[in-house]
Amino acid sequence: MQDCAVMRMILVGPPGAGKGTQAARLVDTYGFTHISSGDMLRAAVKAGTELGHAADGYMKAGKLVPDDVVIGMILERITQPDCAKGFMLDGFPRTRPQAEALDAAMATAGVHLDAVVLIEVPDELIVERGVGRRTDPETGAIYHLKFNPPPAEITGRLVHRKDDTEVAIHERLVKYHSETAPIVPVYEAKGILRRVDGVGTPAEVSARITAVLER
Ligand code: AP5
């Protein structure tokens, strides 16, 4: 694991861009604390908590969970001790109110964002990535039936996400373009946006991310 100074960063990109795949690699390389709003919400749904009940219907339909639900969950999470040396947010913020709430919380804490990595993948590749995705509930590993096939011995336990249908992926893309893409220029204006081409093998994309982080 490489030594890295305190780093507070965001991974942003369309659904299926490879945020989770790249986050796992960045954890291996730098030991970042990875916070995925999607993983937290899915865990809440699985556990049947109040938050999970509130989120479930939105997620299945590919819609965004209301800001007040998600903002509270993430702002509480980044105050935990394992975030003192930085964190890597994946899937948050994805609306202007979420970005503003994060800014305000960080300003209050006297810290700042170091980088926002935008993984760019054209819409026409997104549906195939999502429909073929399978995740391992035991390890959290992310596979793809064609691009990153799972080992034969674990195929029986793999999960196909409820929002990885063609219809839900289209809805998620619409939300990405209308709600999330508009926050990108805000980070660009602050000089912390790093654009990365997300087309290529996961290893190639990782190398591009490492290069922009170490620039
Ligand atoms: P979330 O879990 O955040 O989903 P997402 O943003 O749609 O992203 P994904 O997890 O689908 O994709 P990814 O970019 O991580 O790609 P992955 O690495 O898996 O959110 C889910 C839902 O929760 C939302 O729709 C919403 O309802 C709710 N939610 C979450 N956060 C919220 C928030 N802040 N506000 C409101 N609601 C919120 O890769 C995808 C596939 O492609 C995999 O199969 C992988 O193996 C493959 N792959 C990866 N890289 C490559 C590559 N380079 N080449 C080929 N295949 C690749």
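The values are calculated or read from the model by the stated rules, or taken from the named source; none is laboratory data. Nothing here was measured: the structure is a model prediction, and the numbers come from that model. Note: ideal-geometry Cβ built from the backbone for every residue, glycine included; neighbour counts use all protein chains shown. Ligands, DNA and RNA are stripped out before the accessible areas are found, and what is left, the full protein with its side chains, is counted by its heavy atoms. Shrake-Rupley method; radii C 1.70, N 1.55, O 1.52, S 1.80 Å.
Within 10 Å, Cβ to Cβ, of Cys83, how many net charges do the neighbouring residues add up to if Lys/Arg are +1 and Asp/Glu are -1?
Around Cys83, the charge tally is +2.
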Between Gln80, Gln98, Gln22, where does the largest GNM mean-square fluctuation fall for the chain, given springs only between Cα atoms within less than 10 Å? Gln80
Probe 1.4 Å, all protein chains in place: accessible area of His160 in Å², nearest 10? 80
Gaussian network model of the chain, Cα springs within a sub-10 Å range: biggest mean-square fluctuation belongs to which of Pro137, Pro66, Pro93? Pro137
Peptides ranked, highest mean first, by Cβ atoms within 10 Å: ranges 126-134, 41-49: 126-134, 41-49
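With 25 Å as the cut-off, how large is the P(r) tail for the chain, expressed as percent of Cα-Cα pairs? Don't skip to the answer; put the middle values down first.
Values: 8404 of 23005 pairs.
That tail contains 37 percent of the Cα-Cα pairs.
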From the cross-link list Lys60/Lys85; Lys85/Lys162; Lys85/Lys146; Lys46/Lys85; Lys19/Lys190, which pairs have alpha carbons spaced over 27 Å apart? Lys60/Lys85; Lys85/Lys162; Lys85/Lys146; Lys46/Lys85
I want the antiparallel fraction of DSSP beta bridges within the chain, as a percent rounded to 5. 25
Report, in debye and to the nearest 20, how large the dipole of segment 99-215 comes out about its Cα centre when Lys and Arg carry +1 and Asp and Glu carry -1 on their Cβ. 160
Using a Gaussian network model on the chain with a 10 Å cutoff between Cα atoms, which of Ile142, Ile169, Ile119 fluctuates the most? Ile142
Along segment 110-118, Karplus-curve 3J(HN,Hα) (6.51, -1.76, 1.60; θ = phi - 60°) to the nearest Hz, with x for Gly and Pro, reads x, 10, 9, 7, 8, 7, 10, 9, 9
Would you please give the residues with an amide H less than 5 Å from that of Arg134, counting only those at least 5 places away or on a separate chain, with H modeled from the backbone geometry? Tyr143, His144, Leu145
Rounded to the nearest 10 Å², the 1.4 Å probe accessible area of Thr201 is 70
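Just check segment 3-42 against the gyration tensor rule for me: Cα atoms, a ≥ b ≥ c as the square roots of the eigenvalues, rounded for a/c under 1.5, and otherwise prolate or oblate depending on whether a/b exceeds b/c. Please report the intermediate quantities before stating the final value.
On the way: a/c = 1.96, a/b = 1.68, b/c = 1.17.
Here segment 3-42 falls in the prolate category.
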Mind checking which aspartates and glutamates have their Cα closer than 12 Å to the Cα of Lys63? Skip sequence neighbours fewer than 8 apart in that chain. Asp163, Glu171, Glu179
With 5 Å bins from 0: P(r) over segment 129-215, alpha-carbon pairs, percent: 3, 11, 15, 16, 19, 18, 11, 5, 1, 0
